[in-house]
Amino acid sequence: MATLRLGIIGAGYWGEKLLRVFRALPDVCVLAICERDVHRGAAGRNDIDTVSEVGDLVRRDDIDAVLVATPPSSHYVITRQVLDTGKHCWVEKPLAMRATEARELVDAAQRGGLTLFVDETFLYDPLLQQAKAWIEAGRLGRLYHLSFERLGMGRIRRDSDVWWNSAPHDLSILCYLVPGAVEQVRCEGFTYLQPGIADVAVATVRLAGGVSAHLYVSWLSPLKVASVVIVGSQGMLHYEGRFGQRALRFFRYDVTDPATVTDNVVPIPAFDATETITGGTEEPLMLAAQAFVASIRTGIAAPSAGQYSQRVVELLEAGAQSA
């Protein structure tokens, strides 16, 4: 197709961002937005059609792909409608709120030869891609532990809790960096504002080979944090993913063999930050949009393709069930 013709479902906070980045891409045209509130965000523009019903958008013959920017609880139903009309689909994270639904969507996309892409934006940050390259090259030695923190004040939802809204980012990063099998997920949520909807969640993940991970997510914090710490036997990484403050730091360290120490404290002869890479002017969301378009044009699955993001939903569900 010479020009990729898009529709957007959901004109709110994230829908506006999607409209901005996709309209900036060459050979891409946003033709329509679905939003019931014509005064909301990207809706009601004179240069783009606005419809109020999902069916009116997905059944249009002049649209090739649809971007779904709606609350998590609606993702499965809307994405299924998009795929059933033979259109490629970008959907915000998480792909679905049940593992069986995620598998259904992946199967539907594969049967139709369609691109199913989940907006796990951080996977397209060049800094995180560099971290993966260092891990795979053995720069950190044997992988020990990953620690994730995603904190902030706000974007409090009513249809789903902080685990289903914030943890998908971190679990997608975990699956991207450590493709090994997950042996156990344990999560505990803490509810303060709304009955049955956790505002804070803490989880541990045990992976094959003895690798462990810890996640702490909260939408009730005075601090805005989006960080990952990765610990190996020979080195450590710190990734800061906040836009405008993106950075990747490598630490070299050495710990004296405890078996050779007679004192109670084990000496650390070396611990230095030996390399820091700061984020450039590139915007990970723009890079994700480019990856979606490329996946449609080439048929090559992107890092956040549905078949990969399905694993994230399985981990989310396992954590929710443990809680």
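Going through VAL182, VAL200 one at a time, which residue ends up being touching a Leu at 6+ places or on another chain (Cβ under 7 Å), farther than 28 Å from PRO126 by Cα and buried (at least 19 other Cβ atoms within 10 Å of the Cβ)?
VAL200
Select from region 247-276 the residues that are closer than 15 Å to VAL229 by Cα and in contact with a helix residue (DSSP H, G or I) (Cβ under 8 Å, 6 or more places away or on another chain) and write down the one among them that is surrounded by the most Cβ atoms within 10 Å (Cβ to Cβ).
LEU248
To keep it simple, each residue is scored yes or no on (1) closer than 30 Å to VAL182 by Cα; (2) free of Cβ contacts under 8 Å to residues at least 24 places away in the same chain; (3) outside any helix (DSSP H, G or I).
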{"site": "ARG249", "(1), (2), (3)": "yes, no, yes"}
{"site": "ASN264", "(1), (2), (3)": "no, yes, yes"}
{"site": "PRO267", "(1), (2), (3)": "no, yes, yes"}
{"site": "ASP272", "(1), (2), (3)": "no, yes, yes"}
{"site": "THR276", "(1), (2), (3)": "no, no, yes"}
{"site": "GLY280", "(1), (2), (3)": "no, no, yes"}
{"site": "GLN290", "(1), (2), (3)": "no, no, no"}
{"site": "ILE300", "(1), (2), (3)": "yes, yes, yes"}
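Mind checking which strands (runs of 3 or more DSSP E) fall wholly inside region 191-236 and carry at least 3 residues that are over 19 Å from SER322 (Cα atoms) and of a type outside the set (D, E, K, R)?
220-232
Only residues that are in a loop (DSSP other than H, G, I, E, B) and open to solvent by 70 Å² or more (accessible area, probe 1.4 Å): list them for region 14-36, please.
Listed by number, the residues that qualify are PRO26, ASP27, ARG36.
Is it the case, given these coordinates, that HIS145 is out of contact with any Leu (no Cβ under 7 Å at 6 or more places or on another chain), closer than 22 Å to ASP125 by Cβ and outside any strand (DSSP E or B)?
So HIS145 fails the test.
Can you find, within region 139-158, the residue that is nearest to VAL200 (Cα to Cα) among those that are out of contact with any Gly (no Cβ under 9 Å at 6 or more places or on another chain), open to solvent by less than 60 Å² (accessible area, probe 1.4 Å) and at pLDDT 95 or above?
Looking at residues that are out of contact with any Gly (no Cβ under 9 Å at 6 or more places or on another chain), open to solvent by less than 60 Å² (accessible area, probe 1.4 Å) and at pLDDT 95 or above, I get LEU151.
Within region 53-117, which helices (runs of 4 or more DSSP H) (wholly inside it) include 3 or more residues that are open to solvent by less than 30 Å² (accessible area, probe 1.4 Å) and out of contact with any strand residue (DSSP E or B) (no Cβ under 6 Å at 6 or more places or on another chain)?
99-112
The values are calculated or read from the model by the stated rules, or taken from the named source; none is laboratory data. This one's a predicted model, so the numbers in the text were calculated from it and none came from an experiment. Don't worry about glycine lacking a Cβ; one is built from the backbone with ideal geometry, like all the others, and counts go over all protein chains shown. Each accessible area value is taken on the protein alone, full model and side chains, heavy atoms only, with ligands, DNA and RNA left out. Shrake-Rupley method; radii C 1.70, N 1.55, O 1.52, S 1.80 Å.
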